[in-house]
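The values are calculated or read from the model by the stated rules, or taken from the named source; none is laboratory data. Note that the coordinates shown come from a computational prediction; the quantities given were computed from them, not determined experimentally. Methodologically, a virtual Cβ is constructed for each residue, glycine included, from the backbone with ideal geometry; neighbour enumeration extends over all protein chains shown.
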Amino acid sequence: MSKRSEHLIAAMFGEDLNVTHNPTANTTCVATLTVANGTKSRITLTSLLVSETNVTGTDHTAIVSVRAASIAGTVLAQHQMIVRFGDYDGLVWPCYISAPVGQDIVIEFGTPAASITQKVAACGYVDRQRNV
């Protein structure tokens, strides 16, 4: 096995990250996987779990965005969810989305209506040795 392969396996298990955000209704749901040490690191998102509950409102369409750097950053991936009145929708997404080197990964729903509750959980890892 090459040094690069060995490093990636070690990074996946040793440099793992996870984040959750469970705000109250009518609160924007944003979760960030952060590059903590330096601009040569790269974050890879490996799994994403999102849910939306529509308690009392009319049908609602939400777009979950995975972005680079910030809530206004480049969109790396999106998923649209339509949640009917009094219903719930969820997404379990095993993915492999990498941010540009040195940038965070941000998962956001946008601003929900008053009756909407959104939740997100994400896992990934940091590849800190880009020159291996």
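Tabulated data
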{"read-out": "In segment 81-101, residue nearest to the chain's Cα centre (by Cα) [restricted to those that are within 24 Å of A114 (Cβ to Cβ) and in a strand (DSSP E or B)]", "value": "L91"}
{"read-out": "Positions within segment 46-62 being farther than 15 Å from A31 by Cα and not in a loop (DSSP other than H, G, I, E, B), in sequence order", "value": "T53, N54, H60, T61, A62"}
{"read-out": "Selection from segment 43-58 of residues that are at pLDDT 85 or above and out of contact with any Leu (no Cβ under 6 Å at 6 or more places or on another chain)", "value": "T44, L45, T46, S47, L48, L49, S51, E52, T53, N54"}
{"read-out": "Residues located in segment 105-114, provided they are surrounded by 17 or more Cβ atoms within 10 Å (Cβ to Cβ) and in a loop (DSSP other than H, G, I, E, B)", "value": "F109, P112"}
{"read-out": "Inter-residue pairs, beta-carbon under 7 Å, first within 12 Å of D104 (Cα to Cα) and in segment 39-62, second surrounded by 19 or more Cβ atoms within 10 Å (Cβ to Cβ) and aromatic (F, W, Y), 6+ apart", "value": "T44/Y125"}
{"read-out": "Subset of segment 63-80 [in a loop (DSSP other than H, G, I, E, B) and under 12 Å from G110 (Cα atoms)]", "value": "I71, A72"}
{"read-out": "Single condition V126 does not satisfy, out of (1) under 12 Å from the mean Cα position of the chain (by Cα); (2) in contact (Cβ under 8 Å) with a residue 40 or more places away in the chain; (3) more than 15 Å from T28 (Cβ to Cβ)", "value": "(1)"}
{"read-out": "T32 modelled with pLDDT of 80 or more and touching a Phe, Trp or Tyr at 6+ places or on another chain (Cβ under 7 Å)", "value": "no"}
{"read-out": "Filter result (of a type in the set (S, T, Y) and in a loop (DSSP other than H, G, I, E, B)) within segment 29-45", "value": "T34, T39, S41"}
{"read-out": "Sole exception among (1) among the aliphatic types (A, V, I, L, M); (2) in contact (Cβ under 8 Å) with a residue 40 or more places away in the chain; (3) surrounded by fewer than 16 Cβ atoms within 10 Å (Cβ to Cβ) for I82, by number", "value": "(2)"}
